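Colleague: Structure incoming, see below.
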Amino acid sequence: MSQPLLRSRIAVITGAAQGIGYAIASRFVDEGARVVLGDLDAAAVAAAAERLGGPDAAVGVRCDVTDSADMDALLQAARDSFGAVDIMVNNAGITRDATMRTMTEEQFDQVIAVHLKGTWNGTRKAAAIMRERKRGAIVNLSSLSGKVGLAGQTNYSAAKAGIVGLSKAAAKEVAHHGIRVNAIQPGLIRTPMTEAMPEKVWEQKMAEIPMGRAGEVDEIASVALFLASDLSSYMTGTVLEVTGGRFM
Ligand SMILES: NC(=O)c1ccc[n+]([C@@H]2O[C@H](COP(=O)([O-])OP(=O)(O)OC[C@H]3O[C@@H](n4cnc5c(N)ncnc54)[C@H](O)[C@@H]3O)[C@@H](O)[C@H]2O)c1
């Protein structure tokens, strides 16, 4: 039998109580990793860690990614529980959709803070730990919205495009420390975030997808696994689109 791809690796995943983050954590555990899940929702993240096998395999930590002290505590939890940080997935996210005519400054700031500052916090703080062992893989969740810009998402498109620039700049800074930084741009994926969408908007998006269906969280988790594992050992600063061909 082949070796699990993440045998003995320790991964930290933000926004992992549900949706894409949880699917990534679950896939990583299946491949031999031990995981630390961070999420704003303390009860949900504790329950998620329990479902993944409890303290020997998964630890849940309440964490607001916009708060640098919370990010320090999340990464410290990985070191305290499992001894290191090999993989960091910056996945936590929110949407506050509205056209520019109606979007409030608060809605703009919230989305920029969670995605952009949160990913910056996770990337810089994980890299600072990984460089001690001269190895690490960081995976950041961007979005197709950051590639093409979507109406009603000036905040989210800006943040997700920003994550691409951030990931590439970070990749250049830390490559010589053995740390890789890559990003994923999912298209329309079925999660609690997208299930909140009105039916009409969902149908409009579906019509734009050559493969004719929404993606499943496991299809993002597979690509995160690829970028987190040695399968992608010569890749850094890349952006992988996982979109069923939408806006290729
Ligand atoms: N679902 C999609 O179609 C899609 C498409 C492109 C990109 N994405 C991105 O993938 C990521 C995951 O999306 P999802 O669909 O699973 O969303 P989701 O809403 O199902 O899950 C997001 C999780 O992040 C947590 N979170 C929110 N703010 C946080 C904060 N400040 N600190 C820590 N945790 C926080 C939430 O509590 C939740 O558990 C997001 O970055 C999202 O922008 C999703």
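Colleague: Checking Ser2 against (1) farther than 15 Å from Gly93 by Cβ; (2) modelled with pLDDT of 95 or more, which test does it fail?
Modeller: Ser2 satisfies every listed condition except (2).
Colleague: Looking only at region 213-248, which residues are open to solvent by less than 80 Å² (accessible area, probe 1.4 Å), hydrophobic (A, V, I, L, M, F, W, C) and without any contact (Cβ under 8 Å) to a residue 40 or more places away in the chain?
Modeller: Ala214, Val223, Phe226
Listed here are the residues, each with its yes/no results for (1) part of a helix (DSSP H, G or I); (2) among the polar types (S, T, N, Q); (3) within 18 Å of Gly93 (Cβ to Cβ).
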site	(1), (2), (3)
Leu150	no, no, yes
Ser157	yes, yes, yes
Ser167	yes, yes, yes
Arg180	no, no, no
Thr194	yes, yes, yes
Arg213	no, no, no
Glu219	yes, no, yes
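Colleague: Same structure, new question: Mind checking which residues of region 91-104 are more than 14 Å from the ligand (Cβ to nearest atom) and open to solvent by 50 Å² or more (accessible area, probe 1.4 Å)? Quick ask: steps written out before the conclusion?
Modeller: Looking only at region 91-104, we keep the residues that are more than 14 Å from the ligand (Cβ to nearest atom), and these are 98-104.
Within region 91-104, Thr99, Met100, Arg101, Thr102, Thr104 meet the criteria.
Yes/no per residue for (1) within 16 Å of the ligand (Cβ to nearest atom); (2) closer than 22 Å to Ile24 by Cα; (3) open to solvent by 40 Å² or more (accessible area, probe 1.4 Å); (4) in contact with a Cys (Cβ under 6 Å, 6 or more places away or on another chain):
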| residue | (1), (2), (3), (4) |
| --- | --- |
| Val174 | no, no, no, no |
| Gly178 | no, no, no, no |
| Ile184 | yes, yes, no, no |
| Glu199 | yes, no, yes, no |
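Colleague: Hey, another quick one. Looking only at region 69-78, decide whether some residue is within 16 Å of the ligand (Cβ to nearest atom), in contact with a Ser or Thr (Cβ under 9 Å, 6 or more places away or on another chain) and part of a helix (DSSP H, G or I).
Modeller: yes
Colleague: From the list Pro210, Pro192, which one is within 12 Å of the ligand (Cβ to nearest atom), touching a residue at least 24 places away in the same chain (Cβ under 8 Å) and either out of contact with any Asp or Glu (no Cβ under 9 Å at 6 or more places or on another chain) or open to solvent by less than 30 Å² (accessible area, probe 1.4 Å) (or both)?
Modeller: Pro192
Yes/no per residue for (1) of a type in the set (A, V, I, L, M); (2) modelled with pLDDT of 95 or more; (3) over 15 Å from Gly15 (Cβ atoms); (4) touching a Gly at 6+ places or on another chain (Cβ under 9 Å):
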{"site": "Asp39", "(1), (2), (3), (4)": "no, yes, no, yes"}
{"site": "Ala49", "(1), (2), (3), (4)": "yes, yes, no, yes"}
{"site": "Gly53", "(1), (2), (3), (4)": "no, yes, yes, no"}
{"site": "Gly60", "(1), (2), (3), (4)": "no, yes, no, yes"}
{"site": "Asp70", "(1), (2), (3), (4)": "no, yes, no, yes"}
{"site": "Asp80", "(1), (2), (3), (4)": "no, yes, yes, no"}
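Colleague: Let me ask something additional. Taking Arg135, is it closer than 22 Å to Asp70 by Cα and open to solvent by 30 Å² or more (accessible area, probe 1.4 Å)?
Modeller: Judged against the criteria, Arg135 is not a match.
Colleague: Still on this structure, please answer the following. Take Gln107 and tell me if it is more than 9 Å from the ligand (Cβ to nearest atom) and at pLDDT 95 or above.
Modeller: Considered against the rule, which asks whether it is more than 9 Å from the ligand (Cβ to nearest atom) and at pLDDT 95 or above, Gln107 comes out as yes.
Colleague: With respect to Gly149, determine if the residue is at pLDDT 95 or above, away from the ligand (no atom under 12 Å from the Cβ) and under 25 Å from Arg246 (Cα atoms). Talk me through it step by step, then tell me what you get.
Modeller: Details: at pLDDT 95 or above: yes; away from the ligand (no atom under 12 Å from the Cβ): yes; under 25 Å from Arg246 (Cα atoms): yes.
Taking the combined requirement at face value, the residue satisfies it.
Colleague: Now for a different question. Against the condition open to solvent by less than 20 Å² (accessible area, probe 1.4 Å), over 21 Å from Ala196 (Cα atoms) and outside any helix (DSSP H, G or I), how does Met88 come out, does it pass?
Modeller: Considered against the rule, which asks whether it is open to solvent by less than 20 Å² (accessible area, probe 1.4 Å), over 21 Å from Ala196 (Cα atoms) and outside any helix (DSSP H, G or I), Met88 comes out as yes.
Colleague: Could you please give the count of residues in region 110-127 that are surrounded by fewer than 24 Cβ atoms within 10 Å (Cβ to Cβ), more than 10 Å from the ligand (Cβ to nearest atom) and aliphatic (A, V, I, L, M)?
Modeller: Going through region 110-127 one residue at a time, the tally reaches 3.
The values are calculated or read from the model by the stated rules, or taken from the named source; none is laboratory data. None of these values were measured; they are calculated from a predicted model. FYI the Cβ positions are ideal-geometry reconstructions off the backbone, even for glycines, and counts take in every protein chain you see. Please note that ligands, DNA and RNA were not included when accessible areas were found on the heavy atoms of the full protein model with its side chains. Shrake-Rupley method; radii C 1.70, N 1.55, O 1.52, S 1.80 Å.
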